[in-house]
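Input: a single structure, listed below in structure tokens.
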Amino acid sequence: MSQPIEAGAVFSVTYPFMRIEYEKTEWDGEGVAESVVKSWKPGCEYVPRGPYGEDHEGVCDGEGRMVLTVVEVFKPGKYPARVFFTRQWVDPEGRTFGKNNLRIMTLPAFKRRAGGWFAEPYTVGEQV
């Protein structure tokens, strides 16, 4: 990571996404209307591999971005440095979403998070 971690720094990394469906309930002029909506969820699914399913592989439906924006870095006395940041998601279709909550991590943990997907490598499947 060559970019310094300081207030205002923005880290955008590739992140796997899964295509999901959920039921949406809305009120219309005639009462309740239910519909099935397709959406994107950050992360991947682990499917069993091998003749007996003893191994597994991460599979996702597409790749988007995780955007981390540093608000401030603070070193409280003898304690480890803390990074205050916000996180947003950009799904494979380019739609940005996510709460703008302030999050806190130690500096080493933030460096790992800003490094991208944290688990084993994954395979990108066909988008549904």
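Can you find a residue in the stretch 99-118 that is on the phi > 0 side of the Ramachandran plot and either in a strand (DSSP E or B) or more than 12 Å from the chain's Cα centre (by Cα) (or both)? No, every residue in the stretch 99-118 fails to be on the phi > 0 side of the Ramachandran plot and either in a strand (DSSP E or B) or more than 12 Å from the chain's Cα centre (by Cα) (or both). The sole residue among Val37, Val124, Val47, Val32 that is of a type outside the set (Ser, Thr, Tyr), more than 28 Å from Ile5 (Cβ to Cβ) and in contact with a His (Cβ under 8 Å, 6 or more places away or on another chain) is Val47.
Take Lys24 and tell me if it is closer than 20 Å to Glu120 by Cα, at pLDDT below 95 and of a type in the set (Lys, Arg). In short, no. When residues in the stretch 27-56 are screened for being modelled with pLDDT of 85 or more and either of a type in the set (D, E, K, R) or in contact with a Pro (Cβ under 7 Å, 6 or more places away or on another chain) (or both), 6 of them pass. Looking across the stretch 63-80, the residues that are assigned to a strand (DSSP E or B) and not small (Gly, Ala, Ser) come down to Glu63, Arg65, Met66, Val67, Leu68, Thr69, Val70, Val71, Glu72, Val73, Phe74.
In the stretch 42-70, the qualifying residues are those that are among the hydroxyl-bearing types (Ser, Thr, Tyr) and touching a Gly at 6+ places or on another chain (Cβ under 9 Å), and the one that is surrounded by the fewest Cβ atoms within 10 Å (Cβ to Cβ) is Tyr46. The residue that is farthest from Ile5 (Cα to Cα), among those in the stretch 71-94 that are free of Cβ contacts under 8 Å to residues at least 24 places away in the same chain and surrounded by 11 or more Cβ atoms within 10 Å (Cβ to Cβ), is Gln88. Residues that are crowded, with 16+ Cβ neighbours inside 10 Å and not β-branched (Val, Ile, Thr) are absent from the stretch 29-38 altogether.
Does at least one position in the stretch 115-122 carry a residue that is touching a Cys at 6+ places or on another chain (Cβ under 6 Å) and surrounded by 14 or more Cβ atoms within 10 Å (Cβ to Cβ)? Taking every residue of the stretch 115-122 in turn, at least one turns out to be touching a Cys at 6+ places or on another chain (Cβ under 6 Å) and surrounded by 14 or more Cβ atoms within 10 Å (Cβ to Cβ).
The values are calculated or read from the model by the stated rules, or taken from the named source; none is laboratory data. As the structure is a prediction and not an experimental result, all values here were calculated from the model. Note: ideal-geometry Cβ built from the backbone for every residue, glycine included; neighbour counts use all protein chains shown.
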